[in-house]
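Q: Provided herewith is a single structure, encoded as structure tokens, for subsequent inquiry.
The values are calculated or read from the model by the stated rules, or taken from the named source; none is laboratory data. Keep in mind that what you see is a predicted model, and the values were worked out from it rather than measured. In this analysis, Cβ positions are derived from the backbone assuming ideal geometry, glycine residues included, and neighbour counts consider all displayed protein chains. The protein model used for the area step is the full one, side chains on, heavy atoms only, and it has no ligands, DNA or RNA in it. Shrake-Rupley method; radii C 1.70, N 1.55, O 1.52, S 1.80 Å.
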Amino acid sequence: MEPAAGLSRKGKDVELLLLSSSTTHTSTFLGYALEAVSRWLDGRDRLVFVPYAKREHDAYTDAVREALRPLGVRVEGLHRAGDPVAAVRESEAVFVGGGNTFRLLSALYARDLVAALREAVGDRTRYMGSSAGTNMACPTLRTSNDMPIVQPPSFDALGLVPFQINPHYLDPDPAGTHMGETREERIAEFLEENDVPVLGVREGSWVRVSGERAKLGGAAGARLFTRGAEPRELTAGADLSCLLGERPRYDLG
């Protein structure tokens, strides 16, 4: 099974910045990635923020507005737009914030924004996601870490990249006494049923996609999981472009 068609990458000059998280334990909100955000914006001074992953939309938008103030960016909350679909289609840059992935995807479907975001990014809109917003860029939300507090009409996400990302990736603790599944074990279970690479991106790292090139940024690195193979450790600067040619397959049984 394949998810609903997302963005066809051939010939598309997409610009994506997919953050594992908005904050690290040593930084303010978006502070650790502010230089990467500035490069991604590339002079654009207006950004549409999608706050639906959290409940308090105004407060969330205000936090993003304050964080990006040093860049001189005008932040507009999508929840305040009279026509959210038109606002997305007319935007030059969109930031989809983190929170609960299930709530976010459900809200996007309810507002007809799944197709609108795919079309906008396929045209000219730059896309930035963090945590749940990064999950949205994948074909499905199945590698989210979140509890399904609501039920979206589908698990199909935006499909801006043809592989899965697991944000906030945590390495197994060899000295730990917790008996629940590790993140590595959960991803291994996912790969028993599906054939698509999963990039476990640690907090403090991100994926930057520019056209047909993809690169791992930040300082914490990532782990790449593929079906039938041992995980691979990736360090900052690793070339991820080969992942853009993947053909994901789901529900193999």
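Q: Hey, got the dipole for the range 172-253? About the Cα centre, +1 on K and R Cβ, -1 on D and E Cβ, debye to the nearest 20?
A: Numbers: 11 positive and 15 negative charges, 92 e Å.
I would put it at about 440 debye.
Q: Relative contact order of the range 76-158, please, whole-number percent, based on alpha carbon pairs below 8 angstrom and at least 6 residues apart. Provide the component values of the computation, followed by the final result.
A: Details: 127 pairs, mean separation 31.0, N = 83.
Once normalised by length, the contact order is 37 percent.
Q: If you don't mind, there's one more thing I want to ask. Whenever you get a sec, compute what percent of the accessible area on the chain sits on carbon and sulfur atoms (1.4 Å probe). Don't skip to the answer; put the middle values down first.
A: On the way: 5610 of 11710 Å².
Percent of accessible area from carbon and sulfur atoms in the chain: 48.
Q: Take the Cα gyration tensor of the range 121-219, multiply each eigenvalue by 5, square-root it, and list the three semi-axes largest first, rounded to whole angstrom.
A: Numbers: eigenvalues 120, 60, 31 Å².
Calculated on Cα positions only, the semi-axes equal 24, 17, 12 Å.
Q: Another question about this same structure. Quick one: compute the contact order of the chain, relative version, from alpha carbon pairs under 8 angstrom and 6+ residues apart, as a percent. Before the final figure, lay out each step's value.
A: On the way: 572 pairs, mean separation 57.1, N = 253.
That works out to 23 percent.
Q: Which value, in debye to the nearest 20, gives the size of the charge dipole of the range 27-112 about its Cα centre, when Lys and Arg are +1 and Asp and Glu are -1 at the Cβ? Write out the running numbers ahead of the final one.
A: On the way: 12 positive and 12 negative charges, 30 e Å.
The calculated dipole for the range 27-112 is roughly 140 debye.
Q: Based on Cα coordinates alone, diagonalise the gyration tensor for the range 33-170, multiply each eigenvalue by 5, take square roots, and list the semi-axes in whole Å, largest first. Show your work: numbers first, answer last.
A: On the way: eigenvalues 93, 53, 47 Å².
With the √(5λ) rule applied to the range 33-170, the semi-axes are 22, 16, 15 Å.
Q: Using a ≥ b ≥ c from the Cα gyration tensor of the range 25-114 (square roots of the eigenvalues), is it rounded, prolate or oblate, where a/c under 1.5 gives rounded and otherwise the larger of a/b and b/c decides, a/b for prolate? Provide the component values of the computation, followed by the final result.
A: Numbers: a/c = 1.95, a/b = 1.33, b/c = 1.47.
Because a/c hits 1.5 or more and a/b fails to exceed b/c, the range 25-114 counts as oblate.
Q: Another one. Sort the following peptides by mean Cβ neighbour count (other Cβ atoms within 10 Å, averaged over residues), highest first: 97-106, 36-45.
A: Details: 97-106: 23.9, 36-45: 15.0.
Highest to lowest by the protection proxy: 97-106, 36-45.
Q: Note the angle between two axes, namely the Cα long axis of helix 183-193 and the longest principal axis of the Cα atoms of the chain, as a number of degrees from 0 to 90, rounded to the nearest 10.
A: 80 degrees
Q: Another question, then. Using every pair of alpha-carbon atoms in the chain, split the distances into 5 Å bins beginning at 0 and state the percent of pairs per bin, rounded to integers.
A: In whole percents, the pair-distance histogram is 1, 6, 14, 19, 21, 18, 11, 6, 2, 1, 0.
Q: Tell me the per residue accessible area of the chain using a 1.4 Å probe; a whole number in Å² is fine.
A: Working: 11710 Å² over 253 residues.
Computed with neighbouring chains in place, this is 46 Å² per residue.
Q: If you restrict to DSSP beta bridges whose two residues both lie in the chain, what percentage is antiparallel, to the nearest 5? Don't skip to the answer; put the middle values down first.
A: Numbers: 21 of 39 bridges.
Within the chain, antiparallel bridges account for around 55 percent of the total.
Q: Can you tell me how the range 194-251 classifies by the Cα gyration tensor, rounded, prolate or oblate, using a/c under 1.5 as the rounded cut?
A: Details: a/c = 2.21, a/b = 1.33, b/c = 1.66.
Because a/c hits 1.5 or more and a/b fails to exceed b/c, the range 194-251 counts as oblate.
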